[in-house]
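Below you'll find the structure, written out as structure tokens, and then a few comments.
The values are calculated or read from the model by the stated rules, or taken from the named source; none is laboratory data. The model shown is predicted, which means the values in this text are computed figures rather than measured ones. Neighbour counts run over all protein chains shown; Cβ positions are idealised from the backbone, glycine included. All accessible areas refer to the heavy atoms of the entire protein, side chains included, with ligands and DNA or RNA removed. Shrake-Rupley method; radii C 1.70, N 1.55, O 1.52, S 1.80 Å.
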Amino acid sequence: MDIEDLRLAVYEQFLRGETPRVADLATKLSTTQEQARSGLATLAAGRHVALGLDGEITMAHPFTAVPLGFSVMGRDTLWWGGCAWDSFALPHLLPEQGPMLVATTCPACDQAHAWRVDNREPPAGDQVAHFLVPAARMWDDVVYTCGNQRIFCSEDCVATWLDRSGRQRGYVMDLPTLWRLASGWYTGRLERGYIRREPSAAADYLRGIGLAGTFWGLS
Ligand SMILES: [Zn+2]
Ligand SMILES: [Zn+2]
């Protein structure tokens, strides 16, 4: 089994709004479940997918098999959004499905929020995104990390939530910055032969968005 065939099979299923399971992937690729599991472990080591304790896929960014606080509705397909970053990335990755309805609730006050997001300009709104886990630690537990990249009503709601949960403030950005961050981050991921950005290229990308500071590993 070719590992790139496996990676693309994972994405094909997510694209249809389905959750790729080990058994289905093995059938599709005419291989055993053991081989599929071992291939997924290789992809997980390369941070192409994240696996749960049962060995099933939890995330293949920007797609997720587990709810993380967002839903994203395209023209004819409905997805769990991953984090704020991932949810805003889907309209860029799949413009033919846009504009997409991205919906969530504020973690501090439960206020419902929704935006129509396309790949042309940032959606209107004065909400803010808060990322809890610094870039250097994002892959320690990526489901936790994405689960804590949320959109709040305001800076006040971020402060309330941090206070209540006893957490340290991470990084706050406005919606246009979030939209730009999401715009090109996943470029090429659905294509055969995708290779992750080198760390230096990732740093250049983040700097180009206007991000700075130790949170992002940038000086
Ligand atoms: Zn994420
Ligand atoms: Zn709020």
Residue among Leu68, Leu90 that is within 13 Å of ligand 1 (Cβ to nearest atom), touching a residue at least 40 places away in the same chain (Cβ under 8 Å), of a type outside the set (D, E, K, R) and touching a strand residue (DSSP E or B) at 6+ places or on another chain (Cβ under 8 Å): Leu68
Considering residues of segment 135-186 that are open to solvent by 20 Å² or more (accessible area, probe 1.4 Å), under 22 Å from Ala60 (Cβ atoms) and touching a His at 6+ places or on another chain (Cβ under 8 Å) only, the residue farthest from ligand 2 (Cβ to nearest atom): Ser183
Any hit, segment 60-71, residues being within 16 Å of ligand 2 (Cβ to nearest atom), open to solvent by 20 Å² or more (accessible area, probe 1.4 Å) and over 27 Å from Met1 (Cα atoms): yes
Given (1) buried (at least 21 other Cβ atoms within 10 Å of the Cβ); (2) closer than 21 Å to Leu181 by Cβ; (3) out of contact with any strand residue (DSSP E or B) (no Cβ under 8 Å at 6 or more places or on another chain), number of the condition Arg47 does not satisfy: (1)
Test: residue in segment 13-20 that is open to solvent by less than 20 Å² (accessible area, probe 1.4 Å), under 30 Å from Ala112 (Cα atoms) and either within 16 Å of ligand 1 (Cβ to nearest atom) or at pLDDT below 95 (or both): yes
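Residue by residue, here is whether (1) among the small types (Gly, Ala, Ser); (2) farther than 22 Å from Gly184 by Cβ holds:
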site: Thr19; (1), (2): no, yes
site: Ala36; (1), (2): yes, yes
site: Ala41; (1), (2): yes, yes
site: Val72; (1), (2): no, no
site: Gly81; (1), (2): yes, no
site: Pro91; (1), (2): no, no
site: Gln97; (1), (2): no, no
site: Met100; (1), (2): no, no
site: Ala108; (1), (2): yes, yes
Residues located in segment 72-86, provided they are buried (at least 24 other Cβ atoms within 10 Å of the Cβ) and away from ligand 2 (no atom under 16 Å from the Cβ): Val72, Trp79, Gly81, Gly82, Cys83, Asp86
Condition check for Thr19: more than 16 Å from the chain's Cα centre (by Cα) and of a type outside the set (D, E, K, R): no
Top-ranked residue of segment 21-43 - restricted to ones that are free of Cβ contacts under 8 Å to residues at least 24 places away in the same chain and open to solvent by less than 30 Å² (accessible area, probe 1.4 Å), ranked as nearest to Leu93 (Cα to Cα): Leu25
Among the candidates Pro91, Pro107, residue that is open to solvent by less than 70 Å² (accessible area, probe 1.4 Å), within 16 Å of ligand 2 (Cβ to nearest atom) and closer than 24 Å to Leu211 by Cβ: Pro107
Residues of segment 193-203 satisfying the condition of being surrounded by fewer than 12 Cβ atoms within 10 Å (Cβ to Cβ) and free of Cβ contacts under 8 Å to residues at least 40 places away in the same chain: Ile195, Glu198, Pro199, Ser200, Ala201
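Table: residues versus (1) touching a Pro at 6+ places or on another chain (Cβ under 9 Å); (2) of a type outside the set (Gly, Ala, Ser); (3) at positive phi.
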| residue | (1), (2), (3) |
| --- | --- |
| Gln13 | yes, yes, no |
| Leu29 | no, yes, no |
| Gln35 | no, yes, no |
| Gly39 | no, no, no |
| Ala50 | no, no, no |
